[in-house]
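Since the structure comes first, as C-alpha cells, the remarks are kept for the end.
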Amino acid sequence: MLYQLHEMHRAMMSPLAAFTDVGSKLFTHAISPFAYTPMARQLAAGYELVHRLGKKFEKPEWQLPFTEVNGKSVAVTEEISLSLPFCNLLHFKRDLPEKARSADPKLLLVAPMSGHHATLLRDTVRALLPNHEIYITDWTDARMVPLAAGSFGLNDYVRYVQQFIRHLAPDLHVMSVCQPTVPVLAAISLMASSKDPCLPRSMTMMGGPIDPRCSPTQVNRLATNKPFDWFEEKLIHTVPSQYPGAGRRVYPGFLQHAGFISMNPDRHLKAHYDFYLDLMRGDDDDAEAHRRFYNEYNAVLDMSADFYLDTIKMVFQDFDLPNGTWVVDGQLVKPADIKNVALFTIEGELDDISGEGQTRAAHDLCSGIPAKHKQHYTAPECGHYGIFSGRRWRTTICPKIAEFIRRV
C-alpha cells in the first residue's frame, strides 16, 4: 500500500513540478519580458527550487562521449556486451584500433546495487578510460524486471559476477566499489576453489564491508540493532501494476532515498538553501554543480527484496564471509583458496559507510595470496565517495590502481 500511496503522491506533484518548471524559465529566458522585472531572479530561484523538490528524477545518462588518450581526443561508444534480466554488462568502447585497445588492461568495474544507478561511478569510469578497456555492471531497476525473470538474491549476484568474468576472460582485472566487494570476493573464491581457468589477474576492492565488525558505522549499527524481521516487515513492498515488474517484492528506491537523506538532513537542507542563494546571486557554476550532484543523488532504483534481505542477514548480521559459513550452490566460499589473483584494497580514513579496516580484512581472508601480490592504501582525510569520485580519486587513487594493474 505504501508504494501505491507514493505513486499517488508523485502523480499529484507532477502538475506542480511542471508549473514551477515553466515559471522558472519564464523569469530567466532571454526573450521573456518577465526576465527583466525587478523580482525576476528571486521568483525564478523559488520556482526552480520547488520544481527540483517535486520532480521525478530519471536514471542519468553516462555523458562520456569522449576520452583523452595520449593527448588526443577519442570518441567513446556505449554498447551492451552481455544482457541479463537484472543487469547489462556495459562496454565503453574507445574509437581506437583493435591493437591499441587490446594493449590496455581490460577492467571489469562492478558497481554497487545499493539504491543509486551505476552512473554514480561516472567519475570513476572517466578517470580510468584513458588507460583501460572498461566494462561496468549496469544494474536494472527491479521494478522494470517482470516476475517471469525469477528472483534475484545475493547468491545470484555472485553468479552474475562469475558469468561476467567468464565472458570477458582471459587477462581480466576486476574492480569493485562498496557493497559488491563482498559478492565479488565470493565469486572469485568459488572460481579459485574449482580451479576455474577464467580467474582474473587482479581484484581491486574499494570501501566495502568485507568484515563489517571492524570500525562499525551508523549503517552497520542499523543492520545489527534491528531484528531481521523488522527489515522485511517495514521496508519491503510490492511493485504496483503500472510497471513491468508488477507484483515483485522490492526495497523501493524512494524509501532508500529517504534513508540517505535522514543520515545527514542538515547538510541536505543547507545544500538546497545555498542553491537558492546561488540562483539569486547568479552564481551559475555553483548552481550547476548542485544540479549535477542531486540529479545523480535523487535518481534511485528499486532493489530486489531477496537481494536486500540476503545482504542484511548474510553480510551485516551473520557475517557469513569472514566467519567462513557462506555456501553458494552447495560450495563453501573459501577466500584462502585464491592464490594467483593479486589483491589491492583501498579505504578512506573518514569513510562513514564502510569503516576503516572493513575492506582491509580481505587480506587476512585471502591468506593464500603471497604478500608480494597484496597491496593496501588508506586515503587520508577521505570519505566514502572521495575514494572513487572527485579530485583525490583522480589525482592519487586512480594512478595507484593503474600502476597496480600494470604491475601484476
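The values are calculated or read from the model by the stated rules, or taken from the named source; none is laboratory data. Fair warning: this is a prediction, and the values are worked out from it, not measured in the lab. Note that we place each Cβ from the backbone using ideal geometry, even for glycine, and neighbour counts take in every protein chain shown.
Of everything listed in (1) hydrophobic (A, V, I, L, M, F, W, C); (2) modelled with pLDDT under 95; (3) more than 27 Å from Asp286 (Cα to Cα), the single unmet condition for Leu49 is (3). Scanning segment 146-170 for residues that are touching a Cys at 6+ places or on another chain (Cβ under 7 Å) and part of a helix (DSSP H, G or I) gives Tyr160, Ile165, Arg166.
This table checks each residue for (1) in contact with a helix residue (DSSP H, G or I) (Cβ under 9 Å, 6 or more places away or on another chain); (2) at pLDDT 90 or above; (3) not hydroxyl-bearing (Ser, Thr, Tyr).
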residue: Gln4; (1), (2), (3): no, no, yes
residue: Leu16; (1), (2), (3): yes, no, yes
residue: Phe27; (1), (2), (3): yes, no, yes
residue: Pro33; (1), (2), (3): no, no, yes
residue: Tyr36; (1), (2), (3): no, no, no
residue: Phe57; (1), (2), (3): yes, no, yes
residue: Glu61; (1), (2), (3): yes, yes, yes
residue: Leu64; (1), (2), (3): yes, yes, yes
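Scanning segment 258-271 for residues that are at pLDDT 85 or above, of a type outside the set (A, V, I, L, M) and within 23 Å of the chain's Cα centre (by Cα) yields Pro265, Arg267, His268. Among the residues of segment 42-64, the ones that are closer than 15 Å to Arg292 by Cα and among the aromatic types (Phe, Trp, Tyr) come to 2 in all. The criterion of at least 1 residues that are touching a strand residue (DSSP E or B) at 6+ places or on another chain (Cβ under 7 Å) and without any contact (Cβ under 8 Å) to a residue 60 or more places away in the chain is met by the following strands (runs of 3 or more DSSP E) wholly inside segment 76-145: 87-94, 133-139. The set of residues from segment 198-235 being without any contact (Cβ under 8 Å) to a residue 40 or more places away in the chain and out of contact with any Lys or Arg (no Cβ under 8 Å at 6 or more places or on another chain) comprises Arg221, Leu222, Asn225, Lys226, Pro227, Asp229, Trp230, Glu233, Lys234.
Here is a yes/no grid of residues against (1) of a type in the set (Gly, Ala, Ser); (2) within 23 Å of Gly368 (Cα to Cα); (3) touching a His at 6+ places or on another chain (Cβ under 6 Å); (4) free of Cβ contacts under 8 Å to residues at least 60 places away in the same chain:
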position	(1), (2), (3), (4)
Thr311	no, no, no, no
Val315	no, yes, no, no
Leu321	no, yes, no, no
Trp326	no, yes, no, no
Val341	no, yes, no, no
Glu349	no, no, no, yes
Ile353	no, no, yes, no
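Residues of segment 87-111 that are under 27 Å from Pro252 (Cβ atoms) and buried (at least 20 other Cβ atoms within 10 Å of the Cβ): Cys87, Leu89, Leu90, Leu109, Val110, Ala111. Residues that are at pLDDT below 95 and buried (at least 23 other Cβ atoms within 10 Å of the Cβ) do not occur anywhere in segment 338-349. If you scan segment 376-391, which residues turn out to be of a type outside the set (Phe, Trp, Tyr), buried (at least 16 other Cβ atoms within 10 Å of the Cβ) and either more than 22 Å from Ala111 (Cβ to Cβ) or without any contact (Cβ under 8 Å) to a residue 12 or more places away in the chain (or both)? The answer is Thr378, and nothing else.
Conditions tested, residue by residue: (1) crowded, with 18+ Cβ neighbours inside 10 Å; (2) more than 25 Å from the chain's Cα centre (by Cα); (3) within 30 Å of Gly247 (Cα to Cα).
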{"residue": "Asp286", "(1), (2), (3)": "no, no, no"}
{"residue": "Arg292", "(1), (2), (3)": "no, no, no"}
{"residue": "Ala299", "(1), (2), (3)": "yes, no, yes"}
{"residue": "Val333", "(1), (2), (3)": "yes, no, no"}
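Here Thr311 qualifies as under 30 Å from Tyr3 (Cα atoms) and among the β-branched types (Val, Ile, Thr).
If you go through segment 356-374 and keep only what is surrounded by fewer than 24 Cβ atoms within 10 Å (Cβ to Cβ) and assigned to a loop (DSSP other than H, G, I, E, B), you end up with Glu356, Gly357, Arg360, Ser367, Gly368, Ile369, Pro370. Evaluate the following for Asp306: is it buried (at least 16 other Cβ atoms within 10 Å of the Cβ) and farther than 30 Å from Glu403 by Cα? Yes, satisfied. When we screen Arg41, Arg52 for residues that are outside the structural domain of Ile136 (by TED's automatic domain parsing), closer than 25 Å to Glu7 by Cβ and basic (Lys, Arg), the only hit is Arg52.
Checking each residue in segment 212-239 for being under 24 Å from Arg10 (Cα atoms) and either in contact with a Ser or Thr (Cβ under 6 Å, 6 or more places away or on another chain) or surrounded by fewer than 16 Cβ atoms within 10 Å (Cβ to Cβ) (or both) picks out Glu233, Lys234.
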